[in-house]
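A.B. asks: To start, I am sharing the structure in question, which I have written as structure tokens.
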Amino acid sequence: MGFGDLKSAAGLRVLNDFLADKSYIEGYVPSQADIAVFEAVGAPPPAELFHALRWYNHIKSYEKQKASLPGIKKALGKYGPADVEDTTGAATDSKDDDDIDLFGSDDEEESEEAKKLREERLAQYESKKSKKPAVVAKSSILLDVKPWDDETDMAKLEECVRSIQADGLVWGSSKLVPVGYGIKKLQIQCVVEDDKVGTDMLEERITAFEDYVQSMDVAAFNKILSS
């Protein structure tokens, strides 16, 4: 289990893929798990790693409260996908697929041992390639959910929105944004699988809480490119 070397591009890509359908490293609230990984990353991920950057900026906002977040900070290798080897603190970075020596020695005459090693590496390389998951089209959506007036219980409104559960839907961070006359709207992010969840479904489900919700708008919609 682990993310690999979070100082490397490969490690950050693993983190980005891990957060594609999650808001936090563990559970549904910020915890010491997020702080441990945040400190290991050390700097904002590049913009193309959308999920990792979104998570990094969100956890950064808890910097002053990090000591009070729940949980116990564990070794970095205890977090992340189960099929990635923890290389934190290793003397050298893990090699990418392209670094595998597929052709063995440059000697004209290849020994039996070298030939066997080359064939094993070729088999490992082909096995890795064949196990890559199918591409799933996803989108990141930022929603504006407006209440009826300044007396609407915004905590209850957000609770209603987050109670909406569906296969292919993951809720992310949120905040209250002033719109005037003492009224605040809920701005909340979610990641959806395009084939399973659409904005029409979200609007129908959210506006069904008519005691709290006046309307819902899509503030931002971004396709997530999968490799």
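The values are calculated or read from the model by the stated rules, or taken from the named source; none is laboratory data. Computed from a predicted model, the values in this text were never measured in an experiment. Positions of Cβ are backbone-derived with ideal geometry, glycine not excepted, and every protein chain shown enters the neighbour counts. Heads up: the accessible areas ignore ligands, DNA and RNA and are worked out on the full protein's heavy atoms, side chains in. Shrake-Rupley method; radii C 1.70, N 1.55, O 1.52, S 1.80 Å.
A.B. asks: Roughly how many Å² is the accessible area per residue of segment 137-225, as a whole number, for a 1.4 Å probe?
C.D. replies: That works out to 56 Å² for each residue.
A.B. asks: Next question, about the same structure. Taking residue 116 as the anchor, which lysines have their alpha carbon closer than 29 Å to its alpha carbon, excluding any fewer than eight residues away along the same chain?
C.D. replies: Reachable lysines: 95, 128, 129, 131, 132.
A.B. asks: To the nearest 20 debye, what is the magnitude of the charge dipole of segment 9-78 about its Cα centre, counting +1 on the Cβ of each Lys and Arg and -1 on the Cβ of each Asp and Glu?
C.D. replies: Its charge dipole is roughly 200 debye.
A.B. asks: Ranked by accessible surface with a 1.4 Å probe, highest first, in what order do 141, 224 come?
C.D. replies: Descending order: 224, 141.
A.B. asks: While we're on this one: What part of the accessible area of segment 1-56, given as a whole %, is carbon or sulfur when the probe is 1.4 angstrom?
C.D. replies: Carbon plus sulfur share of accessible area: 61 percent.
A.B. asks: When the Cα centres of segment 148-173 and segment 1-33 are compared, how far apart do they sit, in Å?
C.D. replies: Segment 148-173 and segment 1-33 have Cα centres spaced 25 Å from each other.
A.B. asks: Same structure, new question: Any idea what the dipole of segment 137-225 comes to, in debye rounded to 20, about its Cα centre with Lys/Arg Cβ at +1 and Asp/Glu Cβ at -1?
C.D. replies: The calculated dipole for segment 137-225 is roughly 400 debye.
A.B. asks: Quick check for segment 137-225: number of Lys pairs with alpha-carbon distance under 14 Å, counting only pairs 8 or more apart or on different chains?
C.D. replies: Going through segment 137-225 pair by pair, I get 11.
A.B. asks: Which order do peptides 114-124, 178-188 fall in by mean Cβ count within 10 Å, highest first?
C.D. replies: 178-188, 114-124
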